[in-house]
Amino acid sequence: MFVASLGLAGCGGSNSSNNKVLVFAQGSDPRGLDPAYVDDGESYKIMTQIFEGLVRYKPGSTEIQPLLATEWSVSPDALEWTFKLRKDVKFHDGTPFNAAAVKFSFERQLPPNRKDDMPYASFVFDGVKQVEVVDDYTVKIVLEKPNAAFLANMAMGLAAPIVSPEAVKKYGDTFIENPVGTGPYKFVKWEKGQSVELAANDSYWGEKPKCGKVIYKFVKENSVRASELMTGSVDVMDGVDTNDIKTLKSHQHGD
């Protein structure tokens with residue numbers, strides 16, 4: 001799984017270094033960069049650097065770990081989930097992360113606000129009845145019926161991530177091209193058909209990004225991406241053709 005480790009791979013060192021750039025080659029543009037409105041892998045890979053949810057999957061596992069929530073509990077009847085939120089976290093636009101932001105992010109995808117082009121909302125928020133702000137750093141989610149998958153759904157990279165309420169209000173329908181989250185990288189620009197550029201979030205609450213910049217370069221053909229990897233014009237790629245594996249391995253060993 002790609003998750004938030006991308007920005008750390010290939011940059012080396014133990015401290016953030018703003019002159020280091022990681023170039024990742026993928027097959028196409030994202031469909032969009034709002035986790036409420038997309039369902040494709042090309043979008044997901046980029047959004048996981050920008051946005052975070054309450055919890056996440058432990059890398060390489062389905063174990064659930066804290067992220068924007070530090071702890072959680074569930075009522076004996078399994079209908080009420082209470083999350084304690086991480087303090088002193090800000091969105092990339094300076095808006096404070098708090099329970100109101102969680103409520104906003106979830107309620108935009110719940111009836112009556114849910115729209116037909118929100119592909120994962122009905123799955124991730126299955127059975128969610130209401131979202132309550134207990135205090136600034138405590139949020140309670142009430143379910144209509146017990147759902148054994150609920151916590152795992154909260155770790156999804158689609159629908160579940162928390163967005164900046166102020167940015168959504170500011171950009172409206174164009175938020176999908178101007179994403180603002182709490183993640184280790186913040187959005188800089190999107191040149192359609194060419195690339196998306198992210199910059200390190202120097203105010204990130206967690207481990208500081210080791211690359212100053214991450215560029216997602218869009219290269220349609222798998223074989224062309226492989227060639228660019230071998231020439232060093234990109235650092236990482238996905239979508240390797242079977243026929244290219246031997247060549248790539250030989251090139252790696254030759255280096």
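Throughout, read-outs are computed from the coordinates displayed, never taken from laboratory work. What you see is a predicted model; the values in this text were computed from it and never measured. Every residue, glycine among them, receives a Cβ derived from its backbone with ideal geometry; neighbour counts consider all protein chains shown.
What to note about this one:
- Percent RCO, i.e. relative contact order, over the chain, from Cα pairs under 8 Å lying at least 6 residues apart: 29 percent
- Available extension along the chain between Leu79 and Asp202 is 40.5 nm, counting 0.36 nm per residue and deducting the alpha carbon span.
- Part-to-part distance (alpha-carbon centres) for the stretch 37-92 and the stretch 113-134, which is given in Å: 15 Å
- Farthest toward the positive end of the dipole of the stretch 45-99, out of Ser75, Ile46, Val89, is the Cα of Ile46, where the dipole comes from beta carbon charges about the Cα centre.
- The label-point distance for Thr138 and Leu151, in a model that sets each label 7 Å from Cα toward Cβ, rounds to 1.9 nm.
- Cross-linked pairs Lys169/Lys192; Lys45/Lys170; Lys90/Lys192; Lys84/Lys217; Lys170/Lys217; Lys170/Lys210: Cα-Cα separations exceed 32 Å for Lys84/Lys217.
- Amide H within-cut-off set for Met237, under 5 Å, with H built and near neighbours excluded: Ala25
- Whether the stretch 116-229 is rounded, prolate or oblate, judged on the alpha carbon gyration tensor where a/c under 1.5 counts as rounded: prolate
- Only DSSP H runs of four or more residues enter the estimate; each adds -39500 (n - 2.57), and after division by the residues of the chain the mean residue ellipticity at 222 nm equals -6000 deg cm²/dmol.
- Using 0.36 nm per residue and subtracting the Cα-Cα separation, the extra length available between Lys58 and Asp40 on full extension is 4.3 nm.
- Packing-based order for 43-51, 206-214, using average beta carbon neighbours within 10 Å, highest first: 43-51, 206-214
- Overall, the chain carries a charge dipole of about 400 debye about its Cα centre when +1 sits on the Cβ of Lys and Arg and -1 on the Cβ of Asp and Glu, all other atoms neutral.
- Residue among Val55, Val139, Val74 with the largest mean-square fluctuation in a Gaussian network model of the chain, springs linking Cα atoms under 10 Å: Val74
- Label-point separation in nm, Ser122 to Asn18, each point 7 Å along Cα→Cβ: 4.7 nm
- With the simple spin-label model, which puts each label point 7 Å out from Cα in the Cβ direction, the Ser233 to Gln65 separation comes to 3.6 nm.
- Take the Cβ atoms of Lys192 and Glu107, set R0 to 35 Å, and the FRET efficiency comes out at 0.70.
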